[in-house]
Structures are given as structure tokens and as C-alpha cells.
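Remarks on the structure that follows.
The values are calculated or read from the model by the stated rules, or taken from the named source; none is laboratory data. Remember, predicted model here, so these are calculated numbers, not experimental data. In this analysis, Cβ positions are derived from the backbone assuming ideal geometry, glycine residues included, and neighbour counts consider all displayed protein chains. SASA here: full protein model, heavy atoms, side chains in, ligands and nucleic acids out. Shrake-Rupley method; radii C 1.70, N 1.55, O 1.52, S 1.80 Å.
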Amino acid sequence: MPSLRIPRTRILVPAVLLAAGAVVVAPMVVNANKQTPVATANAADTTTAALPNVGRVETCVLDRYSGCTVLHGFGRKPVAITATASGPALLSIETRRTTDKSYRLRALRYDGKPYRAGTKLTYTVHYDFAAVAGQPTAPAPTASTPPTKPPATSTPTTKPTATTTPTTTHSTTTPTKPPASTPTSTSSTPTSTTSPSATCTNPSFVTTSTNNQGDGRTFGAYYVHNNMWNNDNGTYTLSACNYDNWYLDVTQPLPGDRGVQAYPNVHKDYNDVPLSKIKSAKFAATTPANCSGCIYNVAFDAWIGDGLNNELMIWTDNKSQVPAGKKVGTVTFGGFTYDVWHQDGYTAYVSQVTQKSGTMPLASFFTDMTNRGWAPKATTWQVDYGVEVVSTGNTKQRFSFNDFSLQEN
């Protein structure tokens, strides 16, 4: 895993209202010192210490150097540590100062400036105590979904400023109410494919998350994350057998802001690699068969360029959602047609039919964004696949993810 990890903050748009999320990096008047280590809440958790890879939420108070020394409490030196902020912060781990007792975290604001002493920072940290396996071998894209050359038209867009707080779509404009039109793709739309029957019957990792805390587990080159970035009153239990075989049991009342509450997902982190490195992705998901109160979308999510200022989403299964921005046209890749929604810093390709499984020609979407001027820096630091949940009507519902892998050039 890379030592630098940009924050993973998620909100999207329901069909009724677009809502902004809350920032979790808040100033706090305390005395902080560079040499004073911070003991985490779970530092003495010997059960998790026995695991090869551990993810948990931690908090530290930054000193005048915009950093803090954290006591991890495992009694052995991790092979790698990756920190993910719960708000607009850039985090890095000083590997030369990582020991069997502690590590040194450094934090910068999204604009690259240091925080003032006394700032309280909440973040998710991944500890790897075993060497991370290489990229799993995956078959090439199937013949039914070859990358298709995108339109050559280009509509340059001004790159969002780096000082604004991430919102539902990480745009720099004030969120506005989306169009009142019926969503372009709903659960009643004919299904393009069926999901594999494989199910996770003996999970090696189970975590129940409420509020804004969510754990995860590393599986080889991938990380399965119960991402609770905006959850207020839902309960999410994630059970994983592997990165390509996990499920989620959700009970989520309809939130007052009608915004996306969580984005449980599987993802792979990259060290700012060119988009041309990533070719396609296999995927498969099963969503609730009968849920009148459900509002969600199953989607790919990729961060383009640096930080949170440019997000690409590909919706494969949509129930009562409308993306942010406005519809600017359609494209056809791999035999499927997508409605293209865009506003500064956010692009969503919404499949006109439900896709339960298949091979997604990611390279075609990356090229389309580049040709339109929406990817001034054609790199990525993370590619995800998961479900954005707004509501399950306060009933327990299951989402299963039965296949995922990234194919690279």
C-alpha cells in the first residue's frame, strides 16, 4: 500500500434533494507536543493484533508541526500503514519513524497548508502485518464488452479550486436541487445480465458499523471497506470471504437530508498512476429483490487527478437516484448506452439498463473524460466498486458483491 492516502469522502444525490456532508476535521483547543505520543482508543486490542491486516478508526491531536505520534499498541512493526482522513486532509506516514510501538502521522490541509496546533483529526488507518500480495491474475475483458472509442468532442471545464469542502459530488458550486425528471435507470429497467450464484458462507471478516465509523480488511491488492463517511442513523454489517466475495446487511431509515449515507466498497489504491494503465474491471452485484423504500445506486467510483476535486462514477444499478449536475448527452461503450451527467468536479455515466455483472471497459470512460476536457490530469489514486445507500426504508436488506478485479495494461 502507498504511504500517502488521500481522503475518501463520499456523498451523492438522491432524486429529491442534493445535500452537503459535514467535515470531520475540527479545531480543538488543547496542548499538543511533537514528542508526546497519542494512545489510540483500541491500542490494547490484542484480538485484532493477531490478524495479518487490521483497519480501524483513530483520532489524534496535531502538534505545531502539523503531525502527531500515535501509539498503535500491537507490539510489532507493521509492514505498511495507510491513513485515510474523514475530511479534507492529506495524510502521510513517516515510514522511517514507524516502530513496534508507534508511528508518526503528518497531515496537511487540502490546499497543501499545515493545520494549526490543536486540530483534532479523525481518520481510518490500515495496518498491514503481512506482505501485500501482488495484483491477482484476472482474465482479459470478454468479447462482448470491448473498449469503444469515445466521441472526439471536447468541452473544457475549469478545474475546481482546492479550498472548498467536499460536497455531495465534490464540486465547487453550491449544491442545487436536481432535475425533477424520472431517474434514467431504475430497478424496474430490464436487466442486462445476471449475477453469479457464488455466495460468501464462511466470512473471515465481519464488522458492524454505525454513525461515521467503519472498518475494513485488506485482501491481497484490494481493500474491502465498510465506508461510513456520512452515516447518521443506519446499521451496516459487512461480511467478507474475499475481495470478490462479500455482502452487506443494511438497515437504513430515510435520512432527513435524503443524502447518501455510506459507500461500502471494494477498491484498489494506486500511487497516482496514469489512467492508461487501467484497462477494465470485472464486476457482479446482487441487490434487494423487493424493497419499496430503497434508494441506492451500485457504481464504480474513480478519483481523477489529485485529491477530491475530480470524481468519475459509472452507475450500473440505480434505484430512485438522479446524479448531480445536468445531463449533457449519451455514450455507448461495450454495447451499453450511458446517460452522461456532469458538473465541475463530478461526472456520472448512468447505464440506461441495469447491469448486474460483466466487464466494464474503464479505459473508454477515462478516454471520454479526457477528450471532453474533464481530466486535465489523467491519473488516479483509487478505483472503487460498491453501493451508495440513501435508504432501505428502515428494513434490513442485503447487497452482495460476487465478483471484482481490475485488469491493467
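For Trp303, are the conditions met, namely being under 27 Å from Ser400 (Cβ atoms), assigned to a strand (DSSP E or B) and modelled with pLDDT under 95? If you could, list the steps in order and put the result at the bottom.
Working: under 27 Å from Ser400 (Cβ atoms): yes; assigned to a strand (DSSP E or B): yes; modelled with pLDDT under 95: yes.
Yes, satisfied.
Out of (1) closer than 12 Å to Val390 by Cα; (2) open to solvent by less than 30 Å² (accessible area, probe 1.4 Å); (3) polar (S, T, N, Q), what's the single condition that is false for Thr251?
(2)
Restricting to region 318-371, name every residue that is over 16 Å from Val298 (Cβ atoms), open to solvent by less than 10 Å² (accessible area, probe 1.4 Å) and assigned to a loop (DSSP other than H, G, I, E, B).
Answer for region 318-371, where residues must be over 16 Å from Val298 (Cβ atoms), open to solvent by less than 10 Å² (accessible area, probe 1.4 Å) and assigned to a loop (DSSP other than H, G, I, E, B): Ala324, Gly334, Gly345, Pro361.
Could you check how many residues of region 265-311 are out of contact with any helix residue (DSSP H, G or I) (no Cβ under 6 Å at 6 or more places or on another chain) and either polar (S, T, N, Q) or open to solvent by less than 10 Å² (accessible area, probe 1.4 Å) (or both)? Walk me through how you get there before you give the answer.
Keep residues of region 265-311 that are out of contact with any helix residue (DSSP H, G or I) (no Cβ under 6 Å at 6 or more places or on another chain), which gives 265-274, 276-277, 282-311.
Okay, now just the ones that are also either polar (S, T, N, Q) or open to solvent by less than 10 Å² (accessible area, probe 1.4 Å) (or both), so 265-267, 271, 276, 283-287, 290, 292, 294, 296-305, 307-311.
So the answer is 28.
Are there any pairs, at least 6 apart or on different chains, whose C-beta atoms fall under 7 Å, with the first in region 286-303 and more than 14 Å from Asp249 (Cα to Cα) and of a type in the set (A, V, I, L, M, F, W, C) and the second assigned to a strand (DSSP E or B) and open to solvent by 20 Å² or more (accessible area, probe 1.4 Å), and if so, which?
Ile295/Lys319
Filter region 213-224 down to the residues that are part of a strand (DSSP E or B) and touching a Leu at 6+ places or on another chain (Cβ under 9 Å) and list them by number. Give the steps one after another, and end with the answer.
We begin by selecting, within region 213-224, every residue part of a strand (DSSP E or B); these are 216-219, 222-224.
Result: Gly216, Arg217, Tyr222, Val224.
Under 6 Å by Cβ, and 6 or more places apart or on different chains, what pairs join a residue from region 378-394 that is open to solvent by 10 Å² or more (accessible area, probe 1.4 Å) with one that is of a type in the set (D, E, K, R)?
Final answer for the pair search is Thr379/Asp272; Trp381/Asp272.
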